[in-house]
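Data block below; observations after.
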Protein chains: 4
Amino acid sequence: MKETEEITQALLEFRNKRDWEQFHNPKDLALAISIESAELLELFLWRNADEANTVKVKEELADIFSFAFLLAEKYRFNVKDIVLDKIKINATKYPIDKAKGSAKKYNEL
Amino acid sequence: MKETEEITQALLEFRNKRDWEQFHNPKDLALAISIESAELLELFLWRNADEANTVKVKEELADIFSFAFLLAEKYRFNVKDIVLDKIKINATKYPIDKAKGSAKKYNEL
Amino acid sequence: MKETEEITQALLEFRNKRDWEQFHNPKDLALAISIESAELLELFLWRNADEANTVKVKEELADIFSFAFLLAEKYRFNVKDIVLDKIKINATKYPIDKAKGSAKKYNEL
Amino acid sequence: MKETEEITQALLEFRNKRDWEQFHNPKDLALAISIESAELLELFLWRNADEANTVKVKEELADIFSFAFLLAEKYRFNVKDIVLDKIKINATKYPIDKAKGSAKKYNEL
């Protein structure tokens, strides 16, 4: 089995044992990703960029991945495919000659 | 090569061609995840749970995965390992007999 | 009329002319606050703390205030009262002698 | 003293007693608003729109207002003015005849 399938299967097994699919509609999964992202962000609040607690970063990032994989599963997205597809889209939004070394958004390049 | 490595390699290649590593400190990567999560959330705003545009969900979710994989790479986390580890932690926070069918947070169970 | 009432009245007038109350349930208003907060955050992404565009900060912050005032109105909260009440709660969570000069969260003090 | 000044003064007094101004740069204040917004959002997670705990909504909304007022103070924005100014901008983005009864974003109207 491929890695992303293994991850998804482990998450579904955990969820289904708890009968939680009933709560996991796409909108609330999107909320969950935002909430977990803010918990990650909190580890950096009032701190320098490299001062977050690594163990906690690991856990909060794992939570983000978990809900992101569950939302991908809802839509039957293949995670590798959607990331590679998005890289292609971004390559046209951020051509190397214009974007190199710049932090500007594509609509300001 | 394993899938999560392939994804990470593709993201690093895209980034390095644009000389963007200088911007990708852990704190700003965490900001980026939060920002992309909110763009996903916006697809559901003022709508029912299943009324988001699927193509846009795919793109915003891909953005979240991209920054999450880049942050994992910063810390040398193996994505599969951290998700499986977190499932174990959550299994103790949410024992099946207490959590089954409940949407409560672990500290309210 | 007091300032917070004036602000609320102006927001309600804008909303009601557009017949938008139907969309403004508390959950979606909370989503809107999160989304606007992320738009504010984006102005600081990949930048130093004082490099955001002031005109855009003004607009995004105004959007956050707008949805926050509208949510407060839904619950009939008086904005001044709830902030002053929260300051009192925080004063007990963050006693001066322990919290002075520290960026730690109350449960870590 | 006007209400928004009273709120700001109370927040500054609380902060200054704790010597926290050193942490309150604009970027971290923006992070704080996002984090508090997500804590508000969490009260609605896996729930219907009207099932959040009112006492907790009051507290989380107060936290959002607090950091929003503190960020406004950093930039010397008058809260009433910036909201009223933004309403004018939104009135041109959302003309009544096009926007009435529609949840669409201005660029899709």
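The values are calculated or read from the model by the stated rules, or taken from the named source; none is laboratory data. Being a predicted model, the structure only gives us computed values, none of them experimental. So basically every Cβ, Gly included, is an ideal-geometry build from the backbone, and we count neighbours across all protein chains shown. When the accessible area is computed, the model is the full protein with side chains, heavy atoms only, and any ligands, DNA or RNA have been set aside. Shrake-Rupley method; radii C 1.70, N 1.55, O 1.52, S 1.80 Å.
Around C:Glu73, what is the net charge, scoring Lys/Arg as +1 and Asp/Glu as -1 over all other residues with Cβ under 11 Å from its Cβ?
Summing Lys/Arg as +1 and Asp/Glu as -1 gives +1.
Shielding of A:103-109 by partners, i.e. mean partner chain Cβ atoms within 10 Å per residue?
Mean partner shielding for this stretch: 2.
Residue by residue through A:10-22, how many Cβ atoms from other chains fall within 10 Å of the Cβ on average?
Per-residue shielding by partner chains comes out at 4.
Taking a probe of 1.4 Å, how large is the accessible area per residue of chain C, in Å²?
On a per-residue basis, chain C sits at 46 Å².
So, counting K/R as plus one and D/E as minus one, what does the shell of residues with Cβ under 12 Å around B:Ala62 add up to?
Result for the local shell: -2.
So for chain A, taking the charge dipole from beta-carbon charges (+1 Lys/Arg, -1 Asp/Glu), which of A:Asn78, A:Phe14, A:Phe44 sits furthest toward the positive end?
Comparing the listed Cα positions along the dipole, A:Asn78 ranks first.
When the dipole is taken about the Cα centre of the range D:39-80, and only Lys, Arg (+1) and Asp, Glu (-1) are charged at their Cβ, what size is it in debye, to the nearest 20?
Approximately 300 debye in magnitude.
Heads up, I need the accessible area for D:Met1: 1.4 angstrom probe, whole protein in place, Å², nearest 10.
Accessible surface of D:Met1 is approximately 150 Å².
In square angstrom and rounded to 100, what buried accessible area do you get between chains A and B, total over both, with the probe at 1.4 Å?
5900
What's the lysine pair count for chain D at a Cα cut-off below 19 Å, pairs eight or more apart or interchain?
Eligible lysine pairs with Cα atoms under 19 Å apart amount to 16.
With a sphere of radius 13 Å drawn around the Cβ of D:Ala32, what net charge do the other residues whose Cβ falls strictly inside it have (Lys, Arg +1; Asp, Glu -1)?
-1
Which distances, shortest first and in nm, link B:Ala91 to the matching position in the other copies, using label points set 7 Å out along Cα to C-beta?
Spacings between copies for this position, smallest first, are 4.1, 4.9, 6.1 nm.
Assigning unit charges at the beta carbon (Lys, Arg +1; Asp, Glu -1) and nothing else, what dipole magnitude in debye, to the nearest 20, does the range C:19-109 show about its Cα centre?
700
Taking the Cα centroid of the range A:74-109 and of the range A:9-33, what is the distance between the two, rounded to the nearest whole Å?
28
If the label for C:Lys74 sits 7 angstrom from Cα along the Cα-to-Cβ line, what are its distances to the same label in every other copy, in nm to one decimal, shortest first?
1.9, 2.7, 3.3
Could you please state how large a percent of the accessible area of chain C is carbon and sulfur, counting protein chains only and using a 1.4 Å probe?
45
Tell me, what HN-Hα J-couplings in whole Hz come from the Karplus equation 6.51 cos²θ - 1.76 cosθ + 1.60 at θ = phi - 60° for each residue of the range A:26-40, using x for Gly and Pro?
Per residue, the Karplus-derived 3J(HN,Hα) values read x, 5, 5, 5, 5, 4, 4, 4, 4, 5, 5, 4, 6, 5, 4 Hz.
What are the label-to-label distances in nm, one decimal and shortest first, from D:Asn53 to the same spot in the other copies, with labels 7 Å along Cα to Cβ?
Here D:Asn53 shows inter-copy label distances of 2.2, 3.8, 4.1 nm.
Going by alpha carbons, how many degrees (0 to 90, nearest 10) lie between the helix axis of C:54-74 and the longest principal axis of chain C?
80
If you fit an axis through the alpha-carbon atoms of helix D:3-17 and take the longest principal axis of the Cα set of chain D, what angle between them do you get, 0 to 90°, nearest 10?
Between helix and principal axis, roughly 40 degrees.
Determine, for each peptide in D:29-41, C:55-67, the mean count of other beta carbons within 10 angstrom over its residues, then list the peptides with the highest first.
Peptide ranking by packing, descending: D:29-41, C:55-67.
What is the minimum Cβ-to-axis distance for chain C, in whole Å, where the axis maps C onto A, and to which residue does it belong?
It is C:Ser34, 3, counting Cβ atoms only.
Take B:Lys100 and B:Met1, extend 7 Å from each Cα along the Cα→Cβ direction, and tell me the distance between the two endpoints in nm.
Taking the simple label geometry, B:Lys100 and B:Met1 are separated by 4.4 nm.
Using +1 on the beta carbon of Lys and Arg, -1 on that of Asp and Glu, and nothing else charged, what's the dipole of the protein assembly as shown about the Cα centre, debye to 20?
With only Lys, Arg, Asp and Glu charged at Cβ, the dipole is about 0 debye.
Taking only Cα atoms, what is the 0 to 90° angle, nearest 10, from helix D:79-93's long axis to the longest principal axis of chain D?
Orientation of helix D:79-93: about 20 degrees from the principal axis.
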